[in-house]
Amino acid sequence: MKMKHILKKIVLATLLASTVVMAQTPYDEGQKALREQNWMEAAEQFKQAIKADEDQADAAMDWRAYAFYKAGRSKEAERQLRRLERKYPESSWVKEAQALRIEHQDPEKSIEQVAGNGSGMDEELRLFALAQLMDRDPERALPLVLDLVRNSNSEHVRQDAIFVLAISDAPEARQALADLARDSNDPEVQINAIHILGTMDATDELQSLYATLQDREARIAVIEALSIAGESTMLKQVLANETDPELRKAAIYGIAMEDNAESASLLESIYDSSTNTEEKRAILGALTMMDGATTLALKILRTETDPQLQREAIQVLGIMDATEELGELYASLTDRDSREAILEAMSISDDSDGLYKILQTEQDAELRSVAIQGLGINGEEKAADYLVAMYPGASREEKSAVIQSMMIMEDTEGLLNLLKQESDPELKREMLQMLTIMDSEESDQYLFEMLEKNG
Amino acid sequence: MKAKVTGMLLALLTGTAWAQVGGLTNAEVLEQTSITDPGKAVQTAQGQWIAFSMPVVEGTRSPCCWHGQWSNSREVGCSLEKQHESYGTSSDSPLTENVIAFARVTEGEVRSLRVVGEQCPVEGGGARVTWIGSVDSAASLNWLEAVARSNDHDSMDYSALYLMSLHASKEASERLYTLAGEPDGELAEEAVFAISQLPGETGTRMLLELAKDEQKPREVRRQALFWLANSDDENAVAALADLLTR
């Protein structure tokens with residue numbers, strides 16, 4: 001609610017900035033006066049706006065009350081808000097008005113309203129009021145926020161209530177979060193609270209939590225929170241002592257987020273000592289989160305004997321944009337599977353230059369087709385020209401790959417040019433199938449124009 | 001002898017009798033061949049299902065239900081009540097001159113429509129089926145078009161359009177062409193597919209016309225192009241290639 005309220009004001013402020021020159025209506029003049037912090041002038045303009053434009057009268061009333069509050073004239077503001085509620089009870093501005101009132105009224109009154117809920121406040125509005133009160137009177141507001149966390153039927157309200165605790169400076173709020181993280185009956189609230197403790201760098205609380213929690217998901221959340229807090233010592237302990245693969249996986253990702261030489265070295269030693277394929281796979285995945293792990297990925301590729309993990313290491317190099325290393329690997333590795341994986345990795349890393357280079361020398365039709373498809377996936381503008389130029393001298397398999405690449409690039413004109421050159425009925429059919437499978441308005445338009453011209 | 005004559009007389013008077021309906025088994029069949037309009041049969045249906053026989057264009061293969069997929073599939077026959085893994089024809093399916101349509105009627109409305117070849121076994125599941133035999137060509141077309149138009153784009157309107165594509169009358173293809181120009185996008189798209197299933201060169205010709213027609217919606221023209229490009233008819237593919245590159 002608070003965010004929504006603030007956002008609405010930001011949007012209005014932005015609109016104001018862009019319409020300064022054009023301001024003509026009383027409503028616009030009122031907004032201009034607000035921007036200039038000329039509160040009473042704004043109140044006057046909004047008064048005119050209420051009379052002048054029925055469609056905007058509710059908004060003008062709310063803004064007039066805002067101007068009064070800013071001018072320190074609370075009673076007039078309150079009167080204006082009451083008028084708005086009375087005259088436009090169904091307006092969306094009524095909720096804004098209630099929020100405005102809460103923002104400016106005596107905290108005692110807010111506490112009474114929220115605690116008693118006698119003034120028809122919905123949960124969202126109660127939470128807005130409580131967010132205001134957490135700073136002024138946390139001792140009284142906290143139980144009410146916790147009541148919403150524990151008892152609201154709305155997931156959205158429960159999570160927002162946790163956020164209210166998180167942004168409070170009160171030590172009681174931090175303790176309440178730790179309590180929720182430890183023993184909330186609502187798993188989503190518990191995990192959210194744990195993650196928030198991570199953003200608050202509450203490493204002491206998280207470490208003691210990890211020791212007491214039994215639930216696997218909650219423990220994973222603690223590991224993630226420790227990672228958010230940058231607490232690697234505990235993550236290393238998890239890796240040293242835990243056997244649960246999911247907990248180890250979470251810790252591996254946490255270590256990778258550290259992204260330094262020490263974390264790379266630790267992951268390397270875990271990879272070397274691990275006999276678990278899934279764990280090795282997790283480490284390879286985690287390397288993609290690090291900036292300087294190319295050397296480690298290459299080392300794993302050289303020493304790994306499992307072909308599938310080798311392939312995944314090559315993919316990781318592609319994700320890391322290790323184009324130079326992939327080019328060198330292509331020259332040094334001679335088995336077809338590895339070379340195919342490298343071509344795919346080059347495509348992942350958008351390395352069209354590497355693919356062109358390989359197409360100049362590679363003789364294997366199957367690998368050439370993979371490289372051609374990679375060019376299509378990368379979708380460089382010059383790739384289409386290159387593929388059209390190579391088409392006449394290409395093998396049957398390569399031609400199919402060119403057709404698929406042209407489809408991926410949605411190059412209708414290029415495909416039609418190839419269609420004109422081709423005499424093989426099967427390849428013509430492939431081209432037509434690709435032309436008609438493209439879900440592009442531009443492509444359809446082109447085809448329709450050709451049909452109309454030639455039909 | 002006397003009892004047999006009495007039975008025949010009764011059958012003539014009431015217009016009802018027991019009959020064999022294609023490959024249907026395990027069903028209580030009531031014959032009412034005095035009705036030739038499926039629409040009227042629906043209104044007066046005494047059973048859960050009505051069934052009729054409809055002549056189809058030459059070269060039609062007998063549609064049936066299949067078990068398994070691709071090369072492992074085998075024709076097993078259909079069921080009135082159960083859904084099957086797959087349905088249709090293969091190049092090995094026998095040719096048929098008629099198909100049998102089964103329409104489930106509830107409260108005077110058609111709720112389900114199944115179409116099988118005369119040779120396709122059909123498990124009736126003990127259902128009551130009113131058999132009206134051969135139907136009037138124009139009346140059956142009117143009824144099929146009405147069924148296609150009246151539904152919320154479930155499998156039934158496709159079945160109705162499919163049956164229209166098999167219909168022996170030349171008028172059927174023209175009606176499908178008209179439906180392909182309807183503002184109801186889904187109905188139009190299904191009609192384009194039904195046109196692509198028309199035998200001979202009629203389907204190809206109509207698809208080309210639809211694709212070229214500037215007045216037709218983009219999606220209809222796209223569908224027409226797609227089915228031309230994926231047609232089993234080599235001439236359709238060649239004609240499309242020629243049109244695009246001339």
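No value in this document is a laboratory result; all are computed from the given coordinates. Note that this is a predicted model, so its numbers are computed, not measured. Note: ideal-geometry Cβ built from the backbone for every residue, glycine included; neighbour counts use all protein chains shown.
Rg(Cα) of the stretch A:135-235 divided by 2.2 N^0.38 Å?
After normalising by residue count via 2.2 N^0.38 Å, the value is 1.02.
Measure out, as a whole number of angstrom, how far apart the alpha-carbon centroids of the stretch B:218-246 and the stretch A:327-396 sit.
When both Cα centres are located, 31 Å separates them.
In deg cm²/dmol and to the nearest 500, what is the mean residue ellipticity at 222 nm of chain B if only DSSP H runs of at least 4 residues count, each as -39500 (n - 2.57), divided by the residue total?
That calculation yields -13000 deg cm²/dmol at 222 nm.
Calculate the radius of gyration of the Cα atoms of the stretch A:373-433 to one decimal place, then report Dmax, the largest Cα-Cα distance, as a whole number, both in Å.
Radius of gyration, then largest Cα-Cα span, for the stretch A:373-433: 10.2, 29 Å.
Report the percentage of all Cα-Cα pairs in the protein assembly as shown whose separation exceeds 46 Å, rounded to a whole percent.
Considering the protein assembly as shown, 57 percent of its Cα-Cα pairs are separated by more than 46 Å.
Can you compute the helix-only [θ] at 222 nm over chain A? Use -39500 (n - 2.57) per DSSP H run of at least 4 residues, normalise by all residues, nearest 500 deg cm²/dmol.
The helix contribution divided over chain A gives -24500 deg cm²/dmol.
As an exercise, find the ratio Rg/Rh for the stretch A:351-455 from alpha-carbon atoms, using the Kirkwood inverse-distance average for Rh.
0.98
Bin width 10 Å, alpha-carbon pairs only: give the P(r) of the stretch B:85-229 as whole percents, running from 0 to the bin holding the largest distance.
11, 40, 35, 13, 2, 0
Specify whether the C-alpha gyration tensor of the stretch B:125-198 places it in the rounded, prolate or oblate class, a ≥ b ≥ c being the square roots of the eigenvalues: rounded for a/c under 1.5, otherwise prolate if a/b is larger than b/c and oblate if not.
oblate
If you take every residue apart from A:ASP244 with its C-beta less than 14 Å away from the C-beta of A:ASP244, what net charge results, scoring Lys and Arg +1 and Asp and Glu -1?
-2
Running Debye on the stretch B:80-139 with equal point scatterers at the Cα sites and no solvent, what base-10 log of I(q)/I(0) appears at q = 0.15, 0.19, 0.20, 0.26 Å⁻¹?
Summing over Cα pairs of the stretch B:80-139 leads to -0.56, -0.89, -0.98, -1.40.
Using the Cα gyration tensor of chain B, with a ≥ b ≥ c the square roots of its eigenvalues, what is the shape: rounded (a/c below 1.5), prolate (a/b larger than b/c) or oblate (neither)?
prolate
Counting Lys and Arg as +1 and Asp and Glu as -1, what is the net charge of the other residues whose Cβ lies under 11 Å from the Cβ of A:THR277?
Overall, the nearby charge balance is -3.
How large is the dipole of the stretch A:248-375 about the Cα centre if only Lys and Arg carry +1 and Asp and Glu carry -1, each at its Cβ, rounded to the nearest 20 debye?
260 debye
Spin-label point model (7 Å from Cα, Cβ direction): what's the B:SER134 to B:GLU214 distance in nm?
4.8 nm
Name all residues of the stretch A:337-378 having a backbone nitrogen under 19 Å from the label point set 7 Å from the Cα of A:ASP321 along its Cα→Cβ direction, giving them as ranges.
So the set is A:343-356, A:375, A:377-378.
Set the bar at 30 Å for Cα to Cα. Now go through A:LYS382/B:LYS216; A:LYS280/A:LYS399; A:LYS280/A:LYS357; A:LYS236/A:LYS299; A:LYS382/B:LYS212 and name every pair that lies beyond it.
Listed pairs above 30 Å: A:LYS382/B:LYS216; A:LYS280/A:LYS399; A:LYS280/A:LYS357; A:LYS382/B:LYS212.
For B:GLU58 paired with A:ASP169, estimate the spin-label separation in nm (one decimal), with each label point 7 Å from Cα along the Cα-to-Cβ line.
Roughly 9.4 nm, to one decimal.
Using a cut-off of under 15 Å, list every residue of the stretch B:179-204 whose amide N is near the label point 7 Å from the Cα of B:ASP232 along the Cα-to-beta-carbon line.
B:194-204
Going toward the positive end of the dipole of the protein assembly as shown, with +1 on Lys and Arg Cβ and -1 on Asp and Glu Cβ, which of B:THR202, B:LEU166, A:ALA218 do you reach last?
Ranked along the dipole, the leading option is B:LEU166.
Pop a pseudo-label 7 angstrom from the Cα along the beta-carbon direction at both A:ASN260 and A:GLU442 and give the gap in nm to one decimal.
Between A:ASN260 and A:GLU442, the label points sit 4.8 nm apart.
What is the fewest-to-most order of A:GLU304, A:GLU139 by other Cβ atoms lying within 10 Å of their Cβ?
Least crowded to most crowded, the residues run A:GLU139, A:GLU304.
With a Förster radius of 45 Å, plug the Cβ-Cβ distance of A:GLU90 and B:HIS67 into 1/(1 + (r/R0)^6) and report the FRET value to the nearest 0.05.
For R0 = 45 Å, the calculated efficiency reads 0.15.
Please report the projected area of the stretch A:70-221's Cα convex hull averaged over all directions, in nm².
10.0 nm²
Per-residue mean of other chain beta-carbon atoms within 10 angstrom of the beta-carbon, peptide A:447-455?
Mean shielding by partner chains, rounded to a whole number: 6.
What FRET efficiency comes out for the pair A:GLN207/A:GLU103, r = Cβ-Cβ distance, R0 = 41 Å, nearest 0.05?
The formula returns an efficiency of 0.60 here.
Excluding A:MET290 itself, what net charge comes from residues whose Cβ is under 10 Å from its Cβ, given Lys and Arg +1 and Asp and Glu -1?
That sum, taken over residues with Cβ under 10 Å, equals -3.
Any idea what the dipole of the protein assembly as shown comes to, in debye rounded to 20, about its Cα centre with Lys/Arg Cβ at +1 and Asp/Glu Cβ at -1?
In debye, rounded to 20, the protein assembly as shown gives about 2240.
Please find the FRET efficiency linking A:GLN433 to A:ARG83, where r is the Cβ-Cβ separation and R0 is fixed at 51 Å, and quote it to the nearest 0.05.
Efficiency, rounded to the nearest 0.05: 0.15.
If Rh is defined by the Kirkwood formula over all Cα pairs and Rg also comes from Cα, what ratio Rg/Rh do you get for the stretch A:141-181?
0.93
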